[in-house]
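The values are calculated or read from the model by the stated rules, or taken from the named source; none is laboratory data. Note that the structure is predicted; figures quoted are calculated from it, not measured. Here the Cβ positions follow ideal geometry from the backbone for every residue, glycine too, while neighbour counts run over all protein chains shown.
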Amino acid sequence: MHILFVTATRIGDAILSTGLLSYLIDRYPSARITVAAGPAAASLFEPMPKLERLIVMRKRRGSSHWAELWSQCIGHRWDLVVDLRRSAISWLLFARERRIAPPTDLERHRVRHLAATLGLEAAPPAPVCWSWEKDEQRAADMIPGNHPVLAIAAAANWPGKQWRAEYFASLVERLTGPAGILPDARIAVLAATEERDQVLPLLDSIPADRLLDFVGQTDLSLAAAVLKRCTLFIGNDSGLMHMAAATGTPTLGLFGPSHTTHYAPWGEHTAWVRTAKSYEEIVGAPGYDHRTTGTLMDSLTIDMAESAARELWQRAVEASNSNDRRLA
């Protein structure tokens, strides 16, 4: 069975689509799957089981990237085309069955929205993260032993969604101090190479013997393997936040100028906390322009983030204790 799966350009959206791929892999054991994704997200799918081909869709002038995708796919007869981009391409290919994502609904979570493509919205399959075995081994070397690790993703894809690095530093000090939920934990800081300046105040605030500086040190497969080994994750609304949630690590997302109803971290051990100002208040403010704004997260206080982190951690600990009792 040959399946074409057309997914997102952005990393976060691509991660949120992986539950559908996992479902298709389980449902069709003999499937050979071609994934078409944007360049930022494409490597997410390289370790995926059943992957026959990965097509990297680089945006071209005049939307010619769609014509390029068509030219790479027209020679096949597809058993199933799943198009999460709602393009015309799906209707211009030979396919026994087509499933097109419904129009975006910001009042419904993205995972549930995408699941509706396959009629699975009542029980949407959770996102997953695949990693190469070599990256699992590297992650074990990078985070050895069982010492608790607090993972922090203090950058974001645009400044408005980025909580100040100084606030992250204060939050880390509280959570890993003597009265914190993870006393003396090591702190893993993850970001892209070009984001180092954004997170530098946080890096400079962490004692050298407890800092795990992974800025620019991980590709997506290795980042997923690293996050699996972390004890707790806190970060802005970003691809790393969705990745952490998909690995099963307790994940707290920090929100301001984005929709929690649509993009909150998905999973059993996840939570979010947002600015005191609503999304509508933020984007409706006079002079708002996402291209030129600085951070819009200042009404999210350190106290608010700490309270949310403690509550999430308590739930995660209680769930772990409950599982231990059931296994005893």
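Brief remarks follow.
- Segments classed as strands (runs of 3 or more DSSP E), wholly inside the stretch 1-86, with at least 1 members that are among the polar types (S, T, N, Q): 32-37
- Condition check for Val81: touching a helix residue (DSSP H, G or I) at 6+ places or on another chain (Cβ under 9 Å) and assigned by TED's automatic domain parsing to the domain that holds Asp26: yes
- Those helices (runs of 4 or more DSSP H) lying entirely in the stretch 222-328 with at least 1 residues within 23 Å of Gly180 (Cβ to Cβ) and modelled with pLDDT of 95 or more: 239-247, 302-327
- Consider the stretch 37-58 and keep the residues that are under 18 Å from the mean Cα position of the chain (by Cα) and closer than 23 Å to His113 by Cβ. The one that is surrounded by the most Cβ atoms within 10 Å (Cβ to Cβ) is Leu44.
- Filter result (touching a residue at least 24 places away in the same chain (Cβ under 8 Å) and either within 27 Å of Phe45 (Cβ to Cβ) or touching an Asp or Glu at 6+ places or on another chain (Cβ under 9 Å) (or both)) within the stretch 201-216: Pro201, Leu202, Ser205, Ile206, Arg210, Leu212, Phe214, Val215, Gly216
- Pairs where the first residue, in the stretch 294-307, is in contact (Cβ under 8 Å) with a residue 40 or more places away in the chain and the second is in a loop (DSSP other than H, G, I, E, B) and polar (S, T, N, Q), C-beta under 8 Å, 6+ apart: Thr295/Gln162; Leu296/Thr275; Met297/Gln162; Met297/Thr275; Asp298/Thr275; Ser299/Thr275; Leu300/Thr275
- For Ile89, the conditions (1) farther than 20 Å from Thr9 by Cβ; (2) surrounded by 12 or more Cβ atoms within 10 Å (Cβ to Cβ); (3) not acidic (Asp, Glu) all hold with the exception of (1).
- All positions within the stretch 95-146 that are closer than 20 Å to Asp79 by Cβ, without any contact (Cβ under 8 Å) to a residue 40 or more places away in the chain and surrounded by 12 or more Cβ atoms within 10 Å (Cβ to Cβ): Arg98, Arg99, Ile100, Ala101
- Entry remark, the stretch 260-289: residues being of a type outside the set (Ser, Thr, Tyr), surrounded by fewer than 19 Cβ atoms within 10 Å (Cβ to Cβ) and out of contact with any helix residue (DSSP H, G or I) (no Cβ under 6 Å at 6 or more places or on another chain) number 11 in total.
- In the stretch 49-76, the residues that are outside the structural domain of Pro39 (by TED's automatic domain parsing) and in contact (Cβ under 8 Å) with a residue 40 or more places away in the chain form no Cβ pair under 8 Å with any partner that is surrounded by 11 or more Cβ atoms within 10 Å (Cβ to Cβ) and in a loop (DSSP other than H, G, I, E, B), whether six or more places apart or across chains.
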